[in-house]
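Okay, so here's the structure we're looking at.
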Amino acid sequence: MMGLRRRRILALGAAALGGGMLPAWAQSNNRGVARVLPSLSGPDVALTIAHTTWPIGRRTGHAVTINGTIPGPLLRLRQGQNVRLAVTNRLDEETSIHWHGVLLPFQMDGVPGVSFPGIKPGETFVYEFPVKHAGTFWYHSHSGLQEQMGHYGPLILEPAGADPVAYDREHVVVLADFSFMHPHTIFSRLKQQPGVFNFQKQTLASLLAGKDLPLKDRLMWAKMRMDPTDISDVTGAAYTFLINGHAPEDNWTALFKPGERVRLRFVNAAAMTTFNVRIPGMTMTVVQADGEDVRPVDAEEFQIGVAETYDVIIRPDDKAYTLVAEAVDRSGMGVATLAPREGMVAAVPPLRERPILTMKDMGMDMGSLGAMNEGPMAGMDHSKMQGMDHGSMPGMENGAMPGMDHGSMDMRDPKNAPQVKMGPGVQTISPMPKDRLGEPGLGLENVGHKVLVYTDLVALRPNPDTREPTRSMEIHLTGNMERFMWSFDGLKFSEVKAPITFRTNERVRVTLVNDSMMAHPIHLHGHFFELVTGNTGHHPRKHTINVAPGGKVTFDLTADAPGDWAFHCHLLYHMHAGMFQVVSVRPLAGDAL
């Protein structure tokens, strides 16, 4: 009976693929699968969104797939061509596809209620646009929580001329998280109980073993009703971490010939997971970030936020390597193999010790004042922090640190962010936010090898617009981790009265301030922006930036794409909870488009 059921599942998948058997890479009973993703190209592409029963590891789950697969087909388009992508909806609910990072007319951007009405059940919508640029991108649903269920796929825009990156072979590596729990159930549990999926909290045993924080620090965090182990909202307790749709036990394998220059195109298509990527024993040369070429820079590891992409070049020897995509909270990992022949494996490293948040992650970097440079809370006289014990927001509003400007150190002082609407959805305001672009990312500070940082990225070509900004603006990333409320400037999307407006082609300097203790990958549709890193004229151009907890990021934006564009946190449940806005780019009367 089980065999008949298995064959029926495969037959359904084959029908969705248009005939034939489900490919070997999609069968979870193949250990060490070594197949490329299905690929589509040309001026006319047909995609079908449907419900599918999908094998994940040794189980099967309900998925929303594109052409019957997770991830969806690899789309290869060429710079300079016009493309028509006919998307048919076989679901019983509205769907959509957003072409993440792709520059196109806003009507083709694929955000229901912002740029188009969505694709109703049984309908087909044709996206049509010219391919203006080249690079590694991806596509995904912008409807409900379908992205969590498998509605995503990789997209490569080939350059019209010679590629500045030399390589002999390439592999696309799509990182993702999958849960057998329905995404609406996940969201409901996040709203009901803080840290519901965090199974790595501090315990009495860890206290007695001298691990994590000492008792006095734990008591202080408890008074603030904050958890220094709250790294990821959804963890390996609910997730299986996938590489190209495969669980770790599948051992998806990418083949190569020894000595080849192999290009790995990494896409983080996860709903909620930041990954730390490394190939033990291998140096990676980063050559592209978010589809934009950068000057080659070597690293042994990099952190990739949700919705970011990185391209790297490796030169493997005649042996197998393990590719590790470790969740930032170290609750699990995606695993694959790079090998010269099928069937080869390499050692899989154990999960590393999970990180723990510090005062810097609260936006209180006391290291510059000589207070906390020895570790979490080190050097602080905790007996003088009675101001943290209060009811409305366990913070520091009654005089956090004698001898300092109490107002500036108050974690709910509205003077630190006058534009933020204070309320139950704003748990903290960072008193001392810091530019953290030069830091390697949470948990990677002392790994003993080179970790890529944003300030390592230098645009290969000169920035297209080097004008000085004519105005500046500051946007605060706000939230309440206990109540799972997320917003910009204290307003969730349903409370916003007007969009963020830019004049066509104006140059604006935008600073994002993260007032929460969780990193937020912020994505602006329809545009690239230049991270202000000090590499004047060659600032890295990105469409998504992971803003560290308690940190701030500054970028320069040329608003050169008229229309209405989504601007949001790419953590799916944060966006769903309200961390979403609309950016409206409009000409003034008499201006040319």
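Coordinate-derived values only; no laboratory data. As the structure is a computational prediction, the values presented were derived from the model and not from experiment. Cβ atoms come from the backbone with ideal geometry, glycine included; neighbour counts cover every protein chain shown.
How big is segment 235-297 by the Kirkwood estimate over distinct Cα pairs, in Å?
Numbers: mean 1/r = 0.0700 Å⁻¹.
Mean inverse Cα-Cα distance, inverted, gives 14.3 Å.
Just want to confirm a number: the relative contact order over segment 482-550, from Cα pairs under 8 angstrom separated by 6+ residues, in percent.
On the way: 58 pairs, mean separation 21.7, N = 69.
With pairs under 8 Å counted, the relative contact order is 31 percent.
Based on the mean of other beta carbon atoms within 10 Å per residue, what is the order of 541-551, 499-509, most packed first?
Numbers: 541-551: 24.2, 499-509: 17.5.
Taking the mean over residues of other Cβ atoms within 10 Å, the ranking is 541-551, 499-509.
Determine, for each peptide in 137-143, 485-491, the mean count of other beta carbons within 10 angstrom over its residues, then list the peptides with the highest first. Please list the in-between numbers first.
On the way: 137-143: 25.9, 485-491: 23.3.
Final packing ranking: 137-143, 485-491.
Beyond 19 Å, how much of the Cα-Cα pair distribution for segment 436-580 remains, as a whole percent?
On the way: 5670 of 10440 pairs.
More than 19 Å apart: 54 percent of the Cα pairs in segment 436-580.
Could you let me know the centre-to-centre spacing of segment 442-497 and segment 176-193, using Cα atoms, in angstrom?
About 25 Å separates the Cα centre of segment 442-497 from the one of segment 176-193.
Determine which lysines satisfy two conditions relative to Lys492: a Cα distance under 25 Å, and not lying fewer than 8 residues away in the same chain.
Lys191, Lys415, Lys421, Lys434, Lys542, Lys552
Using +1 on the beta carbon of Lys and Arg, -1 on that of Asp and Glu, and nothing else charged, what's the dipole of segment 243-355 about the Cα centre, debye to 20?
Details: 12 positive and 17 negative charges, 45 e Å.
My answer is approximately 220 debye.
Taking the mean number of other Cβ atoms within 10 Å as a proxy for protection, how do you rank 75-84, 430-439 from highest to lowest?
Working: 75-84: 16.7, 430-439: 20.8.
Ranked by mean Cβ neighbours within 10 Å, highest first: 430-439, 75-84.
Based on the alpha-carbon gyration tensor of segment 494-593, what equivalent-ellipsoid semi-axes (square roots of 5 times the eigenvalues) come out, in whole Å, largest first?
Largest first, segment 494-593 gives 23, 19, 10 Å.
So what is the relative contact order of segment 454-586, in percent, for Cα pairs below 8 Å that sit 6 or more residues apart? Please report the intermediate quantities before stating the final value.
Details: 312 pairs, mean separation 42.5, N = 133.
Reported relative contact order: 32 percent.
Can you give me the Cα centroid spacing of segment 562-585 and segment 525-539 in angstrom?
With segment 562-585 and segment 525-539 each reduced to a Cα centre, they are spaced 20 Å.
So what's the Cα pair-distance distribution over segment 36-185, bin width 5 Å, in %?
Whole-percent P(r) values from 0 Å outward: 2, 9, 18, 23, 19, 14, 8, 5, 2, 0.
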